[in-house]
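S.K.: One structure, pasted below without further comment.
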Amino acid sequence: MRILGDARRAFGRIELVQYRGVTSENRYPRARAPSRGQLSVTYFVDDLARWLAPPRADAVTDLGRGAGIYGPGRMATLSTPAGLRIDLVERAR
């Protein structure tokens, strides 16, 4: 389980759970583009390299360095089975 954010902050936190060695059922078969909306959250992380290392590497897409609305930095994205897009931003130091 990976927890992003801080419960003491105004926007709370989000918990990502990844199960290994179990068979799952896709309960959201329609949650694929174009049927899903644009639902997303952005989290700032101290070290994006930890997210891009195995075993998470296949689930996270490295978008490289760029300039977003929050300023320049390295960015990556991942999606949950329910269609929530999670953008991870490592600000330039």
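S.K.: Consider residue 48 carefully, then state whether it is among the hydrophobic types (A, V, I, L, M, F, W, C), modelled with pLDDT of 70 or more and open to solvent by less than 50 Å² (accessible area, probe 1.4 Å).
M.R.: It is true that residue 48 is among the hydrophobic types (A, V, I, L, M, F, W, C), modelled with pLDDT of 70 or more and open to solvent by less than 50 Å² (accessible area, probe 1.4 Å).
To keep it simple, each residue is scored yes or no on (1) surrounded by 10 or more Cβ atoms within 10 Å (Cβ to Cβ); (2) at pLDDT 75 or above; (3) closer than 19 Å to residue 91 by Cβ.
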| residue | (1), (2), (3) |
| --- | --- |
| 11 | yes, no, yes |
| 18 | no, no, no |
| 29 | no, no, no |
| 32 | yes, no, no |
| 58 | no, no, no |
| 65 | yes, yes, yes |
| 69 | no, yes, yes |
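S.K.: Separate question: Out of all the residues in the stretch 75-91, which are over 23 Å from residue 27 (Cβ atoms) and open to solvent by 60 Å² or more (accessible area, probe 1.4 Å)?
M.R.: 91
The values are calculated or read from the model by the stated rules, or taken from the named source; none is laboratory data. On a predicted model such as this, the values are computed, not experimentally measured, just so you know. Counting neighbours? That spans all protein chains shown, and the Cβs are built from the backbone with ideal geometry, glycine included. Heavy atoms of the whole protein, side chains included, go into the accessibility calculation; ligands, DNA and RNA do not. Shrake-Rupley method; radii C 1.70, N 1.55, O 1.52, S 1.80 Å.
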